[in-house]
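Notes for the one structure printed next.
The values are calculated or read from the model by the stated rules, or taken from the named source; none is laboratory data. If you're wondering where the values come from, they're calculated on a predicted model, not measured in any experiment. A quick note on method: Cβ atoms are made from the backbone with ideal geometry, for glycine too, and the neighbour counts reach across all protein chains shown. Protein only, heavy atoms only, side chains kept; ligands, DNA and RNA dropped before computing areas. Shrake-Rupley method; radii C 1.70, N 1.55, O 1.52, S 1.80 Å.
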Amino acid sequence: MDLNDTPEEAAYREQTRSWLQAHKSEAPPRSGSSEDSEYINARRGWQRKLAEAGLAGVTWPKEYGGQGLGPIEQVTVNQEISKAGVPGILDVIGLGMLGPCLMAHGSDEQKGRYLGPMLHGDEVWCQLFSEPAAGSDLAAVQSRARQGDDGSWTLNGQKVWTTQAQFAAYGLLLARTDPDVPKHKGLTMFVVPMDTEGVTVRGLRQISGEAEFNEVFFDDVSLEEGAVVGGVGNGWGTGLTTLMFERVTIGLGSEGMGYNSTRFAGAIAGDEHARRDPEVRHRLGEIASELLAVRFTGYRTLTALQKGQIPGPEAGLAKVTIVSGAIKAGDLIADVIGPDALAEDSQWAYMISFLPGLKSAGGTEEILKNTVGERVLGLPPEPRLDKGIPFSELRSKEGAAA
């Protein structure tokens, strides 16, 4: 693909840049505590301004309040927001993952009720998928929902590592509704109001000091019949739609995360000895190469999206590489700067302490690598050593089955 802006794209970039420059003084800080209600409200207000300016929901269809533009324009907005030094939208999970899922699988009533407030930041959403015993193996979900004679549902169970649950108005939840069928077939997706009686949110304190993730408990939570998204028993397919958008959102949103080699190089260049040290330069070069590879992989993903194609599981590699590269960069910066890198006012302290936990977001690194290896590269499945089956026996059984 041509990496230069077309005249139309250049005009859109300039329009976006001009608006951000004119309104950047109205923006809250790029970072703040997720436990600070004033900061969260300020971020809600900023998302509302972005939505009104057409800089939120860029790829959403116009019928749902979006701009109906393509992924190129979305990446352009992400790039210009990063350059302007202002925060992006607060509800990345809602707009990037759950909103598109509702558009694909939700009823007309659900779309009309939820998408508008989601777009403008009035109602923030969370994704209620992972459980203590069902993280990377999503089909192993054990939270149960049972339907009563009147059509309503009663939900019981626990979710964990839930981002935004502490201030979310709604969550999209995957629960088991039929325990007597294969695990992929007995799942259903629900919209859950987070203020419903029986919903309890507890923060999980991280090494950064923040409680950005949560565990959520459901004790006899009553849900209306209309809370089902995508039909009873169709939760697996509905959930995969969400995960597809999650990995694309993480990969194409890397500009907004600020994890780029130029920023990392700037931190090291301030130290005269470090910038002349061949080992430091070598380590930085490896990090820059990996992040550059992510950028060009992202361009291939953009090409697929522009052609109307659905990105495959290889999109998950962007997330793996970005996070791993940023962790390596944090280690390098800490080696160069020393203890000052972890000072309270350091821009690196939060990144260094936060990123290790991000390795599990959107699927663990091991699971994503297995998925790409098996489904993209055509490699044989990993030996089931956890079940005591030797590799040779596993392959012979696969051959017999074929």
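Those residues that are of a type outside the set (S, T, N, Q) and touching a helix residue (DSSP H, G or I) at 6+ places or on another chain (Cβ under 9 Å), I need them from the stretch 49-62; list them, please. Lay out the reasoning, then the answer.
Kept after step one, since they are of a type outside the set (S, T, N, Q), are these residues of the stretch 49-62: 49-58, 60-62.
Those that are of a type outside the set (S, T, N, Q) and touching a helix residue (DSSP H, G or I) at 6+ places or on another chain (Cβ under 9 Å): K49, L50, A51, A53, G54, L55, A56, G57, V58, W60, P61.
Test E38 against the stated conditions and say whether it is open to solvent by 60 Å² or more (accessible area, probe 1.4 Å), within 23 Å of Q166 (Cβ to Cβ) and modelled with pLDDT of 95 or more.
Judged against the criteria, E38 is a match.
Failed condition for P311, given (1) modelled with pLDDT of 80 or more; (2) part of a loop (DSSP other than H, G, I, E, B), with all others met?
Against the list (1) modelled with pLDDT of 80 or more; (2) part of a loop (DSSP other than H, G, I, E, B), P311 comes up short only on (1).
Could you identify the single residue in R17, R30 that is within 19 Å of the chain's Cα centre (by Cα), farther than 17 Å from V124 by Cβ and open to solvent by 40 Å² or more (accessible area, probe 1.4 Å)?
R30
Within the stretch 158-170, can you find the residues that are assigned to a loop (DSSP other than H, G, I, E, B) and within 20 Å of E225 (Cα to Cα)?
Correct list: A169 only.
Need pairs with beta-carbon distance below 7 Å; first residue touching a residue at least 24 places away in the same chain (Cβ under 8 Å) and within the stretch 67-96, second among the basic types (K, R) and not in a loop (DSSP other than H, G, I, E, B); sequence gap 6+ or separate chains.
T76/R13; E80/R13; E80/R17; A84/K24; V86/K24; P87/R43; L90/R43; L90/R44
Which of the following residues is over 19 Å from the mean Cα position of the chain (by Cα) and closer than 27 Å to S18 by Cβ: G121, G68? I'd like the intermediate steps shown before the answer.
Working: G121 fails: over 19 Å from the mean Cα position of the chain (by Cα).
On inspection, the qualifying residue turns out to be G68.
Conditions: (1) assigned to a helix (DSSP H, G or I); (2) modelled with pLDDT of 70 or more; (3) not polar (S, T, N, Q). D345 meets all but one. Number of the miss?
Tallying (1) assigned to a helix (DSSP H, G or I); (2) modelled with pLDDT of 70 or more; (3) not polar (S, T, N, Q), D345 fails exactly one: (1).
Does the stretch 197-210 hold any residues that are in contact (Cβ under 8 Å) with a residue 12 or more places away in the chain and either of a type in the set (K, R) or open to solvent by less than 30 Å² (accessible area, probe 1.4 Å) (or both), and which are they?
Matches in the stretch 197-210: G198, V199, R202.
Inspect all residues belonging to the stretch 88-95 and state whether any of them is more than 16 Å from the chain's Cα centre (by Cα), crowded, with 17+ Cβ neighbours inside 10 Å and farther than 27 Å from A227 by Cβ.
No, the stretch 88-95 contains no residue that is more than 16 Å from the chain's Cα centre (by Cα), crowded, with 17+ Cβ neighbours inside 10 Å and farther than 27 Å from A227 by Cβ.
List the residue pairs whose Cβ atoms are under 8 Å apart, where the first residue sits in the stretch 234-263 and is closer than 16 Å to E73 by Cα and of a type in the set (S, T, Y), the second is open to solvent by 50 Å² or more (accessible area, probe 1.4 Å) and modelled with pLDDT of 85 or more, and the two are 6 or more positions apart or on different chains.
T249/V92
Conditions (1) touching a residue at least 24 places away in the same chain (Cβ under 8 Å); (2) among the polar types (S, T, N, Q); (3) open to solvent by less than 10 Å² (accessible area, probe 1.4 Å), marked per residue:
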residue	(1), (2), (3)
D108	no, no, no
H120	yes, no, no
S143	yes, yes, yes
G148	no, no, no
Q158	yes, yes, no
Q166	yes, yes, no
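Pick from L252, L240, L223, L187: which is over 23 Å from P87 (Cβ atoms) and modelled with pLDDT under 85?
Numbers: L252 fails: over 23 Å from P87 (Cβ atoms); L223 fails: modelled with pLDDT under 85; L187 fails: modelled with pLDDT under 85.
Just one listed residue meets the conditions, L240.
Given the conditions (1) modelled with pLDDT of 95 or more; (2) surrounded by fewer than 21 Cβ atoms within 10 Å (Cβ to Cβ); (3) touching a Gly at 6+ places or on another chain (Cβ under 7 Å), which single one is not true for P179?
(1)
What pairs can you find where one residue is in the stretch 271-297 and open to solvent by 90 Å² or more (accessible area, probe 1.4 Å), the other is of a type in the set (A, V, I, L, M), and their Cβ atoms are less than 7 Å apart, with a gap of 6+ or different chains?
Within 7 Å, the pairs are R275/I268; R275/A269.
Note down all Cβ pairs under 8 Å where the first residue falls in the stretch 3-31 and is at pLDDT 95 or above, the second is of a type in the set (D, E), and they're at least six residues apart or on different chains.
Y12/E73; R13/D5; R13/E80; T16/E80; R17/E80; L20/E80
Where the second residue is hydroxyl-bearing (S, T, Y) and at pLDDT 95 or above and the first is closer than 24 Å to G112 by Cα and open to solvent by 50 Å² or more (accessible area, probe 1.4 Å) and lies in the stretch 211-230, which pairs have Cβ atoms under 8 Å and are six or more apart or on separate chains?
S222/S152; S222/T154; S222/T196; E224/S152; E225/S152; G226/S107
I'd like the full set of residues that are among the hydrophobic types (A, V, I, L, M, F, W, C) and open to solvent by 20 Å² or more (accessible area, probe 1.4 Å), limited to the stretch 41-74.
From the stretch 41-74, those among the hydrophobic types (A, V, I, L, M, F, W, C) are 42, 46, 50-51, 53, 55-56, 58, 60, 69, 72; that's our starting set.
Residues satisfying the conditions are A42, A53, L69, I72.
With the requirement that a residue be β-branched (V, I, T) and in a strand (DSSP E or B), what does the stretch 190-237 give you?
Matches in the stretch 190-237: V191, V192, V199, T200, V201, V216, V221, V228, V229.
Evaluate the following for Y12: is it within 27 Å of F213 (Cβ to Cβ), out of contact with any Cys (no Cβ under 8 Å at 6 or more places or on another chain) and not in a loop (DSSP other than H, G, I, E, B)?
Details: within 27 Å of F213 (Cβ to Cβ): no; out of contact with any Cys (no Cβ under 8 Å at 6 or more places or on another chain): yes; not in a loop (DSSP other than H, G, I, E, B): yes.
No.
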